[in-house]
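Asks: Have a look at the structure that comes next, please.
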Amino acid sequence: MTICNACRYCEGYCAVFPAMERRITFSDADLNYLANLCHNCTACLDACQYAPPHEFAVDVPRVLAEIREESYRHYSFPHWYGGPVALILAISIAAFLFAASRLNHATMTAVFGTAAIVVVGLMAGGFMRFWKESQGSLNPTGLRYALTLKYLDKKDGRRVFHHLTFYGFLLCFAATSVAAFYHYFLSFEAPYGYFSVPVVLGTLGGIGLLIGTAGLFAVKRTGSSFLVLLFLTSLTGLLLLALRQTPAARPVLAIHLGTVLTLFVTMPYGKFVHGIYRLGALLVGPAD
Amino acid sequence: MRVAGAYPEDEYLADLMAVTGGQTDEELARLAIRESANSTTWMRSHGARFQPALGGTLHLDRTNAFFLGGGKALLNSHYAAAEKRGVQVFYNAEVVGLNLSGGVFESGAVKMEGEQRTFRAKALVAAAGGFESNLEWLKEAWGPAAENFLIRGTPYNKGTVLKLLLDAGVAPVGDPKQCHAVAIDGRAPKFDGGIVTRLDCVPLGIVVNSQGQRFYDEGEDLWPKRYAIWGRLVAQQRDQVAYSIIDSKVLGRFMPSVFPPVRGESIAELAAALGLPVDQVECTVKQFNQSVKPGRFDHKLLDDCRTKGLSPAKSHWAQTIDTPPFFGYPLRPGITFTYLGVRVNTQAAVLMQDGRPSPNIFAAGELMAGNILGKGYLAGIGMTIGSVFGQIAGREAARVCI
């Protein structure tokens, strides 16, 4: 990074470089902040005169990716990152299949409600730890940079696929919220028609997630278990919608719920948290 | 170009005349300056992205525009634009022979992955750089001093194409000893240290040679107009090395190089750490400090801080060196590119030894920069020549082909 600070030709690419230039020495917290600010677009690597095979062998995105991964562990509680996702997935699907005949709305709400509260609490804790260490003042324009992915400026479609994934996820979340509102406040119970608000939101979100996650896999040629879970969640969800009036509905529902529960419980220890710390890093002032 | 302030043609030309001592082809120089305004548009339309003047405290008025990501990003975007238009690019391919007949290009021999292939073409654009990475050739011009030169760019600029063209009867231009040489951090790697080895602290302190003595006016003119003479100045010192000495007052007023400065709590300690004769350096600094006249320091213009009765004088930005800790950077000549090249006309066509232009050989970049740069350097002129004559050469070559 001393090399970057002496060169500075990349400072127009993203917020990482101007933020780097405000520092002369780098503490662990600084590095975690910079690492989470990096969107891994690799524009700086493509431009770098000192990239391998140069003897300086500068590769900022790779170094920051390694620090970032380590920072996910550092800010989580307990200090985990990654885990036996496939095993958890298998267990939860098996559990739902086993309980399929006895599944009712109350159990589902209890299971997912508890999971949601714990998960949100754990992730909020991580965010607070990150925020405290980064010692930033709030810079609200960071929210816009996060929502528009201003710094994910790569011409391979990554930004579009990420938008489809992220906003697809939000639409699914909205669908669930509307359905919950219908259920508790309007006493209007599922199943809802194909053109009802929750189903339309969920379908659009599911399609967005399918295309977005598949696209991200294609352009990155790799992906996290979180990405796989998102893909499976939307796939099983859409399948459920298609098959909901057939005898296959119950097992498919069980598989879908098992997937969603796995998605939930692994969230604080998987790639999902990149969004939390990325948002945090973008919100840390001063404005760039 | 997007510069920190406009730079009118006549002023630029006058500055160019001054640095080259009149050794410039005025017609070509005017063409380069005038066309540079259009070349930015052309570059942008082929993928280049400019960025505002870089951060930091470098004095950037009247210098070049900056590319987002630097030169490699610029070339990546141009290669991408070329490939999109169906241009085939061969990498790891070295031109090893040119076949000319009476000033007309017929074919070229290219070594690709150990195999030699022959390319026939209706036109040739030579844009293969100078001979700055060819230490043997540099030694022919400079003698053994060249051993101590550092080469700022790629180790592959061996001057092969330049030599092939000159051997085939193309008229040479420029002196093999002339080049764009700046004083860079002496700890830089032999090749390809690039931009991070630059040092801008010369005007802010004093520069001594290995005997601990000053040898040139560090505050002669604004740094963008003077930084390029320091490579030669250092090259003329014993062992081709010099040392910039500053005090804590000026920290933060220049872009540091990638290497941390050598530090000392006293001048004596610093001199010892730099391996310089301690008594002489102390004496040089003392003499300098006693000659500094009071003035109003302003790093951004030719201020009135100067020495009196000192030889060599320091004409601007002279401040006493008295605030510890003191810092020093070793300086070595960093060769950017050489000026010996091929003579061209306004169509970028190379001229043969009898003065006639070749109908189908064109040259661009460092290979012909010597037409405009007889000696000296002016910030941004290398890029200007490269981009303007690159476009002209390409256009004229296309005209020959269709």
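Readers should treat all values here as calculations from the given coordinates under stated rules, not as data from a laboratory. Note that the structure is a prediction, hence the values are computed from the model and not measured. No Cβ is skipped: glycine too gets one built from the backbone with ideal geometry, and neighbour counts run over all protein chains shown.
Asks: Please compute one quarter of the surface area of the Cα convex hull for the range B:140-186 and express it in square nanometres.
Replies: 4.1 nm²
Asks: Give the order of A:87, A:227 when sorted by the count of other beta carbons within 10 angstrom, beginning with the fewest.
Replies: A:87, A:227
Asks: Quick one, what does Rg over Rh come out to for the range B:182-334 if you take C-alpha atoms and the Kirkwood Rh?
Replies: A ratio of 0.93.
Asks: Using the count of nearby Cβ atoms within 10 Å as a rough guide to exposure, how do B:249, B:190, B:314, B:158 rank from fewest to most?
Replies: B:190, B:249, B:158, B:314
Asks: Among the GluC sites (Glu not before Pro) within the range B:93-124, which fall in a DSSP loop and have no more than 16 other Cβ atoms within 10 Å of their own Cβ?
Replies: Passing both the DSSP loop test and the Cβ count: B:113.
Asks: Binning every alpha carbon pair distance of chain A at 10 Å from zero, what are the percents per bin?
Replies: The distribution over chain A is 6, 25, 32, 21, 11, 4, 1, given as percents.
Asks: Separate question: Taking only Cα atoms, what is the 0 to 90° angle, nearest 10, from helix B:71-84's long axis to the longest principal axis of chain B?
Replies: 20 degrees
Asks: So if R0 is 41 Å, what FRET efficiency would residue B:167 and residue B:211 give, r being the distance between their Cβ atoms, rounded to the nearest 0.05?
Replies: Once rounded, the FRET efficiency stands at 0.45.
Asks: So, in Å, what gap is there between the alpha-carbon centers of the range B:329-387 and the range A:161-228?
Replies: Distance between centres, Cα-based: 61 Å.
Asks: Still on this model: With no solvent and one equal point scatterer placed on each C-alpha of chain B, evaluate the Debye formula and give log10 I(q)/I(0) for q = 0.12 Å⁻¹, two decimals.
Replies: Once normalised to I(0) and log-transformed, intensities are -0.97.
Asks: Something else now. State, to one decimal in nm, how far the label point of residue A:2 lies from the label point of residue A:105, with both points 7 Å from Cα in the Cβ direction.
Replies: It works out to 6.6 nm between the two label points.
Asks: Still on this model: Would you kindly state how much longer the chain becomes between residue A:95 and residue A:45 on full extension, computed as 0.36 nm times their sequence separation minus their alpha carbon distance, in nm to one decimal?
Replies: Extra length from residue A:95 to residue A:45 when fully extended: 13.4 nm.
Asks: Between residue B:121 and residue A:117, what is the spin-label point distance in nm, taking each point 7 Å from the Cα along the Cα→C-beta axis?
Replies: 7.4 nm
Asks: For A:71, B:36, A:101, A:134, which order do you get if you count the other beta carbons within 10 Å of each Cβ and list the fewest first?
Replies: A:101, A:134, B:36, A:71
Asks: Kindly state, to the nearest 0.05, the FRET efficiency for residue B:110 paired with residue B:353, given R0 = 22 Å and r defined as their beta-carbon distance.
Replies: Step by step, r from the Cβ atoms, then E = 0.30.
Asks: Exceeding 18 Å between C-alpha atoms, which entries from my cross-link table qualify? They are A:220/A:271; B:158/B:190; A:155/A:271; B:122/B:163; B:72/B:300.
Replies: Checking Cα-Cα distances, A:155/A:271; B:122/B:163; B:72/B:300 exceed 18 Å.
Asks: Further, regarding this structure: Mind jotting down a quarter of the surface of the convex hull over the alpha carbons of the range B:269-402, in square nanometres, one decimal?
Replies: 12.8 nm²
Asks: Return the ratio Rg/(2.2 N^0.38 Å) for the range A:2-73, where Rg is computed over Cα atoms only.
Replies: The reported ratio for this selection is 1.04.
Asks: Now, a different point. For the protein assembly as shown, with the dipole built from +1 on Lys and Arg beta-carbon atoms and -1 on Asp and Glu ones, taken about the Cα centre, which of A:162, B:51, A:88 lies farthest toward the positive end?
Replies: A:88
Asks: Above 18 angstrom, tally the Cα pairs of the range A:51-103 and express them as a % of all pairs, no decimals.
Replies: Here the long-distance tail beyond 18 Å is 62 percent of all Cα pairs in the range A:51-103.
Asks: Another question about this same structure. Loop-only trypsin sites (Lys or Arg not before Pro) in the range A:147-222, please: DSSP not H, G, I, E or B, and at most 13 other Cβ atoms within 10 Å.
Replies: A:155, A:221
Asks: Show log10 I(q)/I(0) for the range A:188-244 at q = 0.12, 0.26, 0.31 Å⁻¹, two decimals, from a solvent-free Debye sum over equal Cα scatterers.
Replies: Once normalised to I(0) and log-transformed, intensities are -0.32, -1.00, -1.22.
Asks: Could you check the spin-label model distance between residue A:87 and residue B:37? Points 7 Å from the Cα along Cα→Cβ, value in nm.
Replies: Spacing of the two 7 Å Cα→Cβ label points: 7.2 nm.
Asks: Taking H as built 1.01 Å from N, whose amide H comes closer than 5 Å to the amide H of residue B:344, not counting residues under 5 places away?
Replies: Those lying under 5 Å, H to H, from residue B:344 are B:351.
Asks: Using Cα centres only, tell me the gap between the range B:109-134 and the range A:243-288 in whole Å.
Replies: Going from one Cα centre to the other spans 56 Å.
Asks: Working from Cα positions, state the angle (0 to 90°, nearest 10) between the long axis of helix B:26-45 and the longest principal axis of chain B.
Replies: Tilt of helix B:26-45: around 80 degrees.
Asks: List, in the order given, every pair from B:139/B:314; B:139/B:225; A:150/B:84; B:225/B:249; A:154/B:84 whose Cα-Cα distance in the structure shown is over 29 Å.
Replies: Check vs 29 Å cut-off fails for B:139/B:314.
Asks: While we're looking at this one, here's another question. Which GluC sites (Glu not before Pro) does the range B:165-272 hold that lie in a coil by DSSP with at most 14 other beta carbons within 10 Å?
Replies: In loop regions of the range B:165-272 (DSSP not H, G, I, E or B), the sparsely surrounded GluC sites (Glu not before Pro) are B:265.
Asks: Would you mind finding the longest exposed-site-free stretch of chain A, with exposed GluC sites (Glu not before Pro) meaning DSSP loop and at most 12 other Cβ atoms within 10 Å?
Replies: Between the exposed loop sites, the longest stretch runs A:56-188.
Asks: Grab every C-alpha pair in the protein assembly as shown, bin the distances at 20 angstrom width from 0 up to the longest one, and report whole percents.
Replies: Answer for the protein assembly as shown: a P(r) of 15, 38, 28, 15, 3, 0 percent.
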